[in-house]
1. Is it the case that some residue within segment 123-140 is within 12 Å of the ligand (Cβ to nearest atom) and buried (at least 16 other Cβ atoms within 10 Å of the Cβ)?
2. Tell me yes or no: at least one residue of segment 109-117 is at pLDDT 95 or above, more than 16 Å from the ligand (Cβ to nearest atom) and more than 23 Å from residue 4 (Cα to Cα).
3. Please work out if residue 147 is surrounded by fewer than 18 Cβ atoms within 10 Å (Cβ to Cβ), more than 15 Å from the ligand (Cβ to nearest atom) and assigned to a helix (DSSP H, G or I).
4. Scan the strands (runs of 3 or more DSSP E) fully inside segment 1-102 and keep the ones with 1 or more residues being away from the ligand (no atom under 16 Å from the Cβ) and farther than 17 Å from residue 124 by Cβ.
5. Of (1) more than 20 Å from residue 36 (Cα to Cα); (2) touching a strand residue (DSSP E or B) at 6+ places or on another chain (Cβ under 7 Å), residue 98 satisfies all except one. Which?
Ligand SMILES: [Zn+2]
């Protein structure tokens, strides 16, 4: 399976989410066929659970009429969080390939390792860092543009000076820094 090819498609998905933290996901079956693709829709749906991974699982279950995904590979542009890693286990996905690490709240090998914790049953194969630079750059550019937009407003400037200007999304903390540029 060409991991980079599918990750490029997941990155294309991530870029579709206007005004969203750019994260894209793709579910691919054991024959290399794409089952479904999705991106983060948290803002559009006003739903804290609308991460790219959960959106792709919902889409794939709708399309296939089944919630079990043994033998599939999930591609996602950012290391899955605790919620998504739990859902990936529930969906019985066999393998996860991700691009950027989330050192602040990742649950697939950085902070936690929910996917490979044997206490939760059968472990899931994890392949990290595929097109990591592309995904990290996409995220850091997004947060930089959000910060610049917010800084242009007077209200935000006063909040920023009080140190509460950002909404403290874990991805934001991880990627809102200059060294990733
Ligand atoms: Zn998540």
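The values are calculated or read from the model by the stated rules, or taken from the named source; none is laboratory data. Note that the structure is predicted; figures quoted are calculated from it, not measured. Note that we place each Cβ from the backbone using ideal geometry, even for glycine, and neighbour counts take in every protein chain shown.
1. Kept after step one, since they are within 12 Å of the ligand (Cβ to nearest atom), are these residues of segment 123-140: none.
Taking every residue of segment 123-140 in turn, none turns out to be within 12 Å of the ligand (Cβ to nearest atom) and buried (at least 16 other Cβ atoms within 10 Å of the Cβ).
2. Narrowing segment 109-117 to residues at pLDDT 95 or above: 109-117.
Pick out the ones that are also more than 16 Å from the ligand (Cβ to nearest atom) and you get 116-117.
From what's left, more than 23 Å from residue 4 (Cα to Cα): 117.
Yes.
3. yes
4. Values: elements: 24-28, 34-39, 73-78, 95-100.
Strands (runs of 3 or more DSSP E) meeting the threshold: 34-39.
5. The number of the failed condition is (1).
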